[in-house]
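The values are calculated or read from the model by the stated rules, or taken from the named source; none is laboratory data. Everything numeric here is computed off the predicted structure, so don't read it as measured data. Quick reminder, even Gly has a Cβ in these numbers, built from the backbone with ideal geometry, and neighbours come from all protein chains shown. Heads up: the accessible areas ignore ligands, DNA and RNA and are worked out on the full protein's heavy atoms, side chains in. Shrake-Rupley method; radii C 1.70, N 1.55, O 1.52, S 1.80 Å.
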Amino acid sequence: MAEDLWYWKYRLTARQPVNARSVRREFEGALVRIGEGFACLHPWPELGDPTLAKCLADLAGPRRWPIVRRALRCAKDDADARFIGDALLEEIDLPPSHATLPWQDERIADSAVEKGFDRIKIKAGRDPAGEGAFLCATAARHPELRWRIDCNEAFEPEAAEAFLLGIPEEVRWRIDFVEDPSPYAESTWERLRKAARVPLAVDREAAPGCTAAQVVVVKPAVDEPWLLAESAAARGQQVVVTSSMEHPLGQCFAAWEAAKLNVQFPGLVGVCGLQTHHLFTPSDFAERLGRWSPEFRPPGGTGLGFDDLLERLPWKRLA
């Protein structure tokens, strides 16, 4: 098996810090080639993932980490499609995306509206007062927008409640959901939902049976989409598929899994979060995904795409 494993390390540079748990702007990941298929490994250690070095060692060894097993699934789907010359993203309906704004910038929010986004996802937890003020000011300028707030479990339950109750009720009515306001616990989330009267979404601790959440966020880079979607459908929860703010190849895998769930569970998948390449400085791969917009643009090529760019990479054998 080892002779079929190759990798190429990449580095993404964020324009600004991208969540409440990380002040980094440089992010290292790896594209991997397993046989004839390609995948992305982009861990977030500050959110509980193993380091990249551990991911690569696990890929060459026991393959016990979920992020590694999901990369194997991605590579298999990609290899199967490349074998028959099929473009996975070309003839399947891809869900639209919200606009992700990790930092407070009214100009970017205005640009998102101009580009056709009707939902904006903001990050919260690093500067609650400033984030709340930004939300209220931008919501006043764009009353047509719906909002999604991702806290990355940055709050304790009492602080999460105080933050949400500090948002005027007329703005809270326009919140689609609050994602990971605090570490998941059924009783505290149920109290928070009743107090703030906003839907709650579970991401990092998403698992079948998270009954206190109204929305389940599925990240194909680390989650098994079918299992989470099947449980959500049985409980009347909505599913939102997002990328892990990784390499464009990983974004394409997230889009592929979102499209499959659309077919397997009609009506279950809402507006997703598949467009994150604009958060980083440009690259040849990112340019293939086109301009920032709600619609996901396939990059062209077989499998998940990028054929010529992938072939030109200086691959290294994974021992």
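Before we move on, is Asp118 open to solvent by 10 Å² or more (accessible area, probe 1.4 Å), farther than 23 Å from Glu205 by Cβ, among the acidic types (Asp, Glu) and in contact (Cβ under 8 Å) with a residue 40 or more places away in the chain?
Yes.
Do you know which residues across the range 70-95 are under 30 Å from His142 (Cα atoms), crowded, with 19+ Cβ neighbours inside 10 Å and of a type outside the set (A, V, I, L, M)?
Going residue by residue through the range 70-95, those that are under 30 Å from His142 (Cα atoms) are 93-95.
Add one more test, that the residue is crowded, with 19+ Cβ neighbours inside 10 Å, and what stays is 94-95.
Passing the criteria: only Pro95.
Listed residues Val215, Val113; which is touching a residue at least 40 places away in the same chain (Cβ under 8 Å) and out of contact with any helix residue (DSSP H, G or I) (no Cβ under 8 Å at 6 or more places or on another chain)?
On the way: Val113 fails: touching a residue at least 40 places away in the same chain (Cβ under 8 Å).
Unique residue meeting the criteria: Val215.
Only one of (1) part of a strand (DSSP E or B); (2) modelled with pLDDT under 95 is not met by Asn262, so which one is it?
The one condition Asn262 does not meet is (1).
Give all pairs with beta carbons closer than 6 Å in which a residue from the range 38-66 that is surrounded by 24 or more Cβ atoms within 10 Å (Cβ to Cβ) meets a residue that is hydroxyl-bearing (Ser, Thr, Tyr); count only pairs at least 6 apart in sequence or on separate chains.
From the range 38-66, the pairs are His42/Ser244.
Residue-wise test of (1) among the basic types (Lys, Arg); (2) within 17 Å of His42 (Cα to Cα); (3) surrounded by fewer than 19 Cβ atoms within 10 Å (Cβ to Cβ); (4) out of contact with any Lys or Arg (no Cβ under 6 Å at 6 or more places or on another chain).
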residue	(1), (2), (3), (4)
Thr276	no, yes, no, yes
Gly290	no, no, yes, no
Phe296	no, no, no, yes
Glu311	no, no, yes, yes
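I'd like to verify a number: residues in the range 184-213 that are over 22 Å from Glu230 (Cβ atoms) and open to solvent by 60 Å² or more (accessible area, probe 1.4 Å), how many? Write out each step before concluding.
Going through the range 184-213, the residues over 22 Å from Glu230 (Cβ atoms) turn out to be 185, 187-188, 190-198.
Now narrow it down to the ones that are open to solvent by 60 Å² or more (accessible area, probe 1.4 Å): 187, 190-191, 193-194, 197.
Here the count works out to 6.
Just name the residue that is surrounded by the most Cβ atoms within 10 Å (Cβ to Cβ) out of those in the range 141-155 that are closer than 25 Å to Glu46 by Cβ and not hydrophobic (A, V, I, L, M, F, W, C).
Asp150
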